[in-house]
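The values are calculated or read from the model by the stated rules, or taken from the named source; none is laboratory data. Source: prediction; values computed, not measured. Ideal geometry is used to build each Cβ from the backbone, glycine not excepted, and the neighbour counts take in all protein chains shown. Calculation scope for accessible area: heavy atoms of the full protein, side chains included, ligands and nucleic acids excluded. Shrake-Rupley method; radii C 1.70, N 1.55, O 1.52, S 1.80 Å.
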Amino acid sequence: MTFQTAPLTPAVKWLLIINVAIWFIFQVIMEGFLRVPFSSIFGLYPGKVLFDFQIWQLFTYMFLHSLQVTHILFNMLMLWFFGAELEQRWGTKFFLIYYFVSGIGAAILYCLGVWGYALATGSQTGLIVPVIGASGAIFGLLLAQGILFGERIVYFFMLFPMKTRYFVALMGLVQLASMMTSSVSGGEVAYLAHLGGIVSGYICLKFKGWFDRNEWKKKSKNKGRNLRLVVDNEKSDKPPKYWN
């Protein structure tokens, strides 16, 4: 697949720096060589979140990745490809809100999903297997690309041209099919978290649309109230003046 990429924007740049720094310093060096159990504290363990109330994991898991360099490399490239243009479009403030809503929402839905799966099947595996990575937030960015730039043509596997909206729909279906053919916890890949990022991003965008429409209505009403007709009696041959 190919996407148009924007220059590094402020939030995307700092997210890249923070993710890479945490991965290299705390995971590769401290955890990999010094055996400090960093990921067991800050990775997403659904059981610990639900029953031990370690709710910080809903946030911190996004900044951790596996020791395989391809994991963080792929996620950071996707953050740049999808995120920079969105930050230019929205501004830094809403971009960060959307990014973290997608990531945290993905974690919440994942925890609830594996809990429900455990209650239905009796399998506790999903509750004790950790989830790490920014993929939930990345899939939220992917959804936004499909909504805002849906008519743009991308090349899937560098060969097959398709509109971005169809590519996003295809990726969502792939995640759903992959989850259904494995399990809710998804084995080594948390497909449910990916779908959770898409769902959370969609809810965030719907809320933003509702908020923007209400703000526009308020501004329109205020402008209407401030509109005044002033009649100049001394120069009645001239048209009336409107003051805003």
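In table form, for the structure just shown:
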item: Single unsatisfied condition, Tyr45 versus (1) over 25 Å from Thr9 (Cβ atoms); (2) without any contact (Cβ under 8 Å) to a residue 24 or more places away in the chain; result: (2)
item: Some residue of segment 175-191 being under 22 Å from Lys93 (Cα atoms), under 17 Å from the mean Cα position of the chain (by Cα) and open to solvent by less than 70 Å² (accessible area, probe 1.4 Å); result: no
item: Helices (runs of 4 or more DSSP H) completely within segment 1-99 that count 2 or more residues being open to solvent by less than 30 Å² (accessible area, probe 1.4 Å) and within 20 Å of Ile147 (Cα to Cα); result: 69-90
item: Candidate set from segment 156-174 (those that are assigned to a strand (DSSP E or B) and open to solvent by less than 50 Å² (accessible area, probe 1.4 Å)); member that is modelled with the lowest pLDDT; result: Phe156
item: Residue that is free of Cβ contacts under 8 Å to residues at least 24 places away in the same chain and either touching a strand residue (DSSP E or B) at 6+ places or on another chain (Cβ under 8 Å) or on the phi > 0 side of the Ramachandran plot (or both), where the choices are Gly150, Gly133; result: Gly150
item: Out of Ile132, Ile153, Ile128, Ile203, sole residue that is open to solvent by less than 60 Å² (accessible area, probe 1.4 Å) and in contact with a helix residue (DSSP H, G or I) (Cβ under 9 Å, 6 or more places away or on another chain); result: Ile132
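Residue-wise test of (1) in contact with a Leu (Cβ under 8 Å, 6 or more places away or on another chain); (2) closer than 27 Å to Phe82 by Cα; (3) modelled with pLDDT under 95.
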{"position": "Thr2", "(1), (2), (3)": "no, yes, yes"}
{"position": "Pro7", "(1), (2), (3)": "no, yes, yes"}
{"position": "Leu16", "(1), (2), (3)": "yes, yes, no"}
{"position": "Val20", "(1), (2), (3)": "no, yes, no"}
{"position": "Leu34", "(1), (2), (3)": "no, no, yes"}
{"position": "Pro37", "(1), (2), (3)": "no, no, yes"}
{"position": "Pro46", "(1), (2), (3)": "yes, no, no"}
